[in-house]
There are 2 protein chains.
Amino acid sequence: MQIYLDNSATTVVAKEVIDAILPYFSGDFGNAQSVHAFGQRAKAAVEDARRQVAALINAAPAEIVFVSGGTEADNLAIRGIAEAHQAKGRHLITTKIEHPAVLAMCEALEQRGFRVTYLPVARNGIVNLQDVRDAISDETILISVMHANNETGTLQPLEEIAEIVNERRAQGHLHLHLHSDAVQSIGKIPVDVKKLGVDLLSLSGHKIHAPKGVGALFIKKGTRLEKLFYGGHHERDKRPGTENVPGIVGLGKACELVRLNFTKRTSRIRELRDYLEQRITAAIFTVQINGDVERRVPNISNLSFVGLDGESLLIALDLRGIAVSTGSACASGSLEPSHVLTAMGLSRQEVRGSLRISLSAYNTRQEIDCAVDALREIAGRLREMLPTDEVEASSVFSS
Amino acid sequence: MQIYLDNSATTVVAKEVIDAILPYFSGDFGNAQSVHAFGQRAKAAVEDARRQVAALINAAPAEIVFVSGGTEADNLAIRGIAEAHQAKGRHLITTKIEHPAVLAMCEALEQRGFRVTYLPVARNGIVNLQDVRDAISDETILISVMHANNETGTLQPLEEIAEIVNERRAQGHLHLHLHSDAVQSIGKIPVDVKKLGVDLLSLSGHKIHAPKGVGALFIKKGTRLEKLFYGGHHERDKRPGTENVPGIVGLGKACELVRLNFTKRTSRIRELRDYLEQRITAAIFTVQINGDVERRVPNISNLSFVGLDGESLLIALDLRGIAVSTGSACASGSLEPSHVLTAMGLSRQEVRGSLRISLSAYNTRQEIDCAVDALREIAGRLREMLPTDEVEASSVFSS
């Protein structure tokens, strides 16, 4: 038995996406820059995909730049704005709970003489708008705030932050930009770049049933940014390198599938997630849900099994063929406690006992049942192995 | 009819490679950073591929870093060395005939206060070793010289340049590094990083029947370089971002296929190329072969049809389903004359009349016959359309 409940780490490639990709491996394998028919067919496929991605997020196709993934998209946005606008100011604002692609890039910029403000979040995982307002100075060139957090799924008030940015711009602060890492929100909640009011937005293929190795950055028309690397004049001179035609075609197809099946899929996932949480909280006393339970994407459940060790739960579940995670895949193996949960003010015990269960449209109610039954049994057994003073009164089971 | 003779621009993905990739789209689609079984299977596949790439170029697996393609590999090598060693010196040496990924990166570094020497080449397309020697100063931190040129296939004397580097190092010039863009030589001639004496070497998947969107940089053990972008600690902390598992598996498989079939494939390609050149020069008077006819990869034929326009030949061939190119795909559409042929001292007319025909193991003698017959006919017709003073004495045909 194999049950995959780690869809925030990566997802299976959809059958329709594989079917869309395959012709670009063998028949239409041309280089999209080539003048001949092989090249022109590849170019047409890339432009079709650009329209599909743009349509999903209400952008113009010319505002979509294809890159190798979410990390490159985040880096291109942040380093790109920093290098292009440093004459106007060398201050950036982000949050303490961003993905490593944002945090590590910001830290690298600090090494290069930029100043970065890392905003705190409340216990529910959400930034305070007054903190955003207070952090902005005339030297601020970029605010980068993720849309949905990758560990908890909590949503940030992007529209309200965009309003603050617009107020500043109305006062002449024209070099202030807003970027959002939307890797975890795309496909889960509506992402409309105009409604969100962002200048830059990152997305990744492999979180929405497209292949790994492809992503995109939305760059609002008129936004000036420096390139991350240099070479040919691909992607309107914003990202050099032979276009990853099959990957791009796959990303386009995945975006189309998201757009066409949006309501059906997301309500199904939300139902499954609610069912999961209902069953777990009913079965296990000492579990808590981390992050805001309302303002979050419908597919992630971040739970703390207080008094237990999330890593042990993960491994025990894995032995039964059930895949979940503690924190993000990108931070796995680092042994450091989750920077996200820590920033939310959770206790060491709550962080240690945390587990992320993340769903996709391919999961079933039966899989949830299996996982909850396994969790209940494993939690009980791990609890028995604890020294008595760590065990809470009576039992861990609600029933 | 479809005849693809533009294999230096990109290649068809081999059937064996597609078969190797497919399981990583659906069954084993895990994130290689995940702790659970899905993740561990993905990780094992990535490490198998790393061994396959390393085996082809006689490197250690730990010396291979997977990236998104040749452009990123070149940029990581050059910017990575420049940023890590700038305290020792801010001078780089390269050649006038490099790929845009190297040239544009070097130009970007010039904007950032580095000094770059662009070495000239002789009429045969090869750099002069004395020029290399003379260009080195104590401030030189990197020499980047391509292995095979992407337009002509001409090989540079890398081993001799490595000897010069080693002489300098023996004199205490320890911060001098040697990088080579081997994107066009891999799979065509033996590439042994130890024999070549390089510290860094770039390769790309889609030139050797692996998919687009994946490449690798060989980084000799002990070589210190800065990252190109920042995020998680993937690829031994040298390249962040979720590993492109299917792409990496495909690159590994393609490298294995190259290694196992090397002599058979390359002698077959060389035979086809020689046959092509023999037939063309026999059929058309005014054709010349550009670049050194001995020191070159076996699959590229760069020809000048003097008095004709290469772009017109390309388009006329394309209308008959035959794909060739003028210059590189990466520079296509730029309308600028080839920087490679110009650096070799070819006349404007010779550059304008140039055409690149590049073969793979999948081409056949029948395809070559078709292409030569078409070229002969097209060249004759274009010639008829020229004003009489541009037409050479008598005819363009040898027979």
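Of the strands (runs of 3 or more DSSP E) lying entirely inside region B:101-213, those carrying at least 3 residues that are touching a strand residue (DSSP E or B) at 6+ places or on another chain (Cβ under 9 Å), closer than 27 Å to B:Ser338 by Cα and in contact (Cβ under 8 Å) with a residue 60 or more places away in the chain are B:200-204.
Scanning region A:348-362 for residues that are closer than 13 Å to A:Thr266 by Cα and among the charged types (D, E, K, R) yields a count of 0. Entry remark, region B:199-224: residues being surrounded by 23 or more Cβ atoms within 10 Å (Cβ to Cβ) and more than 16 Å from the chain's Cα centre (by Cα) number 2 in total. Of everything in region A:253-264, what is open to solvent by less than 40 Å² (accessible area, probe 1.4 Å) and away from chain B (no Cβ under 14 Å)? Give them in sequence order. Result: A:Cys255, A:Leu257, A:Val258.
Confirm whether A:Ile18 is open to solvent by less than 10 Å² (accessible area, probe 1.4 Å) and either away from every other protein chain (no Cβ under 12 Å) or of a type outside the set (S, T, N, Q) (or both). Considered against the rule, which asks whether it is open to solvent by less than 10 Å² (accessible area, probe 1.4 Å) and either away from every other protein chain (no Cβ under 12 Å) or of a type outside the set (S, T, N, Q) (or both), A:Ile18 comes out as no. Yes or no: region B:68-77 includes at least one residue that is surrounded by 24 or more Cβ atoms within 10 Å (Cβ to Cβ) and among the acidic types (Asp, Glu). The answer is yes; a qualifying residue exists. Residues that are out of contact with any Lys or Arg (no Cβ under 9 Å at 6 or more places or on another chain) and surrounded by fewer than 18 Cβ atoms within 10 Å (Cβ to Cβ) within region B:115-132 comprise B:Ala122, B:Arg123, B:Asn128, B:Leu129, B:Gln130, B:Asp131, listed in sequence order. Can we say B:Leu251 is under 22 Å from B:Gln2 (Cα atoms) and among the aliphatic types (A, V, I, L, M)? Answer is no for this residue. In region A:292-302, the count of residues that are in contact (Cβ under 8 Å) with a residue 24 or more places away in the chain, within 29 Å of B:Asp28 (Cα to Cα) and hydrophobic (A, V, I, L, M, F, W, C) is one or more. Scanning region B:156-193 for residues that are among the charged types (D, E, K, R) and under 25 Å from B:Leu359 (Cα atoms), we see that the one that is surrounded by the fewest Cβ atoms within 10 Å (Cβ to Cβ) is B:Asp192. Of the residues making up region A:135-155, those that are open to solvent by 20 Å² or more (accessible area, probe 1.4 Å) and polar (S, T, N, Q) number 1.
Mind counting the residues in region A:271-328 that are farther than 18 Å from A:Ser8 by Cα, surrounded by fewer than 24 Cβ atoms within 10 Å (Cβ to Cβ) and touching a Gly at 6+ places or on another chain (Cβ under 7 Å)? Going through region A:271-328 one residue at a time, the tally reaches 4. Checking each residue in region B:220-237 for being modelled with pLDDT under 95 and away from every other protein chain (no Cβ under 11 Å) picks out B:Glu235, B:Arg236. Of the numbered conditions (1) in a helix (DSSP H, G or I); (2) free of Cβ contacts under 8 Å to residues at least 24 places away in the same chain, B:Ala87 fails exactly one; give the number of that condition. Only one criterion is unmet by B:Ala87, namely (1). Candidates are the residues of region A:90-100 that are in contact with a Phe, Trp or Tyr (Cβ under 9 Å, 6 or more places away or on another chain), within 14 Å of chain B (Cβ to nearest Cβ) and not in a strand (DSSP E or B); the one that is most open to solvent (accessible area, probe 1.4 Å) is A:Pro100.
The values are calculated or read from the model by the stated rules, or taken from the named source; none is laboratory data. Note that this is a predicted model, so its numbers are computed, not measured. With ideal geometry, Cβ positions are generated from the backbone for all residues, glycine too; neighbour counts draw on all protein chains shown. These accessible areas exclude ligands, DNA and RNA; they are computed on the full protein's heavy atoms, side chains included. Shrake-Rupley method; radii C 1.70, N 1.55, O 1.52, S 1.80 Å.
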